[in-house]
1. Consider only pairs whose beta carbons are under 9 Å apart and that are at least six residues apart or on different chains; among these, list those whose first residue lies in the stretch 158-174 and is within 14 Å of E80 (Cβ to Cβ) and whose second residue is small (G, A, S) and outside any helix (DSSP H, G or I).
2. Those residues that are among the hydrophobic types (A, V, I, L, M, F, W, C), touching a strand residue (DSSP E or B) at 6+ places or on another chain (Cβ under 7 Å) and farther than 19 Å from C68 by Cβ, I need them from the stretch 11-55; list them, please.
3. Answer yes if at least one residue in the stretch 64-83 is more than 13 Å from the chain's Cα centre (by Cα), surrounded by 20 or more Cβ atoms within 10 Å (Cβ to Cβ) and hydrophobic (A, V, I, L, M, F, W, C), and no otherwise.
4. Check E116, E164, E120 and return the single one that is open to solvent by 50 Å² or more (accessible area, probe 1.4 Å), within 25 Å of K55 (Cβ to Cβ) and in a helix (DSSP H, G or I).
5. Sort out which residues of the stretch 120-132 are farther than 14 Å from V87 by Cα and in contact (Cβ under 8 Å) with a residue 24 or more places away in the chain, and write them in order of number.
6. From (1) surrounded by fewer than 16 Cβ atoms within 10 Å (Cβ to Cβ); (2) within 18 Å of the chain's Cα centre (by Cα); (3) touching a residue at least 12 places away in the same chain (Cβ under 8 Å), pick out the condition that doesn't hold for G154.
Amino acid sequence: MKQFSGKVLFLDRCDINTDEIIPAKYLTEITKEALKPYLLEDLSLTGFKNKEDVKDKAVIVTRANFGCGSSREHAPWALEVNGINVVIAENFARIFRQNMYNCGMFAIELPKDKIEYLFENYAGKDTSITIDIDNDKIVVTSSEQSEEIDFKVGGFDKTLVKEEGWVGYADKNY
């Protein structure tokens with residue numbers, strides 16, 4: 001099973017679109033690995049340096065409407081090949097969200113006040129998150145504190161995560 005824990009990359013902006021996640025000029029690549037160096041290359045965010053800030057991160061916490069724009073599987077693939085299998089946001093573009101689950105990755109939605117709480121209490125710190133899949137808990141840890149936050153994911157989406165996506169699910173069930 002994929003890893004659903006690790007250090008957090010906080011992206012303090014709404015409406016991060018799929019062209020910012022993986023620029024369209026790289027969509028001709030034929031392997032996921034070829035997308036790896038270009039993750040978030042075109043993201044415009046004060047102080048953000050994609051190659052430095054993405055390194056060794058496994059979880060993204062961001063604001064509303066993550067993954068908006070063009071619908072493409074390349075955006076989740078670029079996250080996955082960089083070891084990022086969890087994105088936590090207020091909400092997601094519908095197709096991006098489903099592409100995450102189809103790839104066996106988590107797109108966890110939390111209310112705006114909980115996202116704000118995570119930014120206020122954990123951004124800028126050495127923060128890690130672990131997803132407790134079976135108990136629907138996000139375990140957030142920094143050097144100063146640790147706590148659990150409840151989340152809800154649909155039963156079939158959770159199954160897709162456990163089966164590492166549609167391909168794993170189909171192999172097991174068809």
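The values are calculated or read from the model by the stated rules, or taken from the named source; none is laboratory data. Please read these numbers as outputs of a predicted model, since none were measured by experiment. When we count neighbours, we look across all protein chains shown, and the Cβ atoms used for this are built from the backbone with ideal geometry, even at glycine. We work out accessible area using only protein heavy atoms, side chains counted, and drop any ligands, DNA or RNA first. Shrake-Rupley method; radii C 1.70, N 1.55, O 1.52, S 1.80 Å.
1. L160/G104; V161/G104; E164/G104; G165/G104; W166/G104; V167/G104; G168/G104
2. Looking only at the stretch 11-55, we keep the residues that are among the hydrophobic types (A, V, I, L, M, F, W, C), and these are 11, 14, 16, 21-22, 24, 27, 30, 34-35, 39-40, 43, 45, 48, 54.
Then keep just the ones that are touching a strand residue (DSSP E or B) at 6+ places or on another chain (Cβ under 7 Å); that gives 11, 16, 45, 54.
The one that is among the hydrophobic types (A, V, I, L, M, F, W, C), touching a strand residue (DSSP E or B) at 6+ places or on another chain (Cβ under 7 Å) and farther than 19 Å from C68 by Cβ: V54.
3. yes
4. Details: E116 fails: within 25 Å of K55 (Cβ to Cβ); E164 fails: in a helix (DSSP H, G or I).
Just a single option satisfies the conditions, and that option is E120.
5. N121, Y122, A123, G124, D126, T127 - these are the residues of the stretch 120-132 that are farther than 14 Å from V87 by Cα and in contact (Cβ under 8 Å) with a residue 24 or more places away in the chain.
6. For G154, the exception is condition (3).
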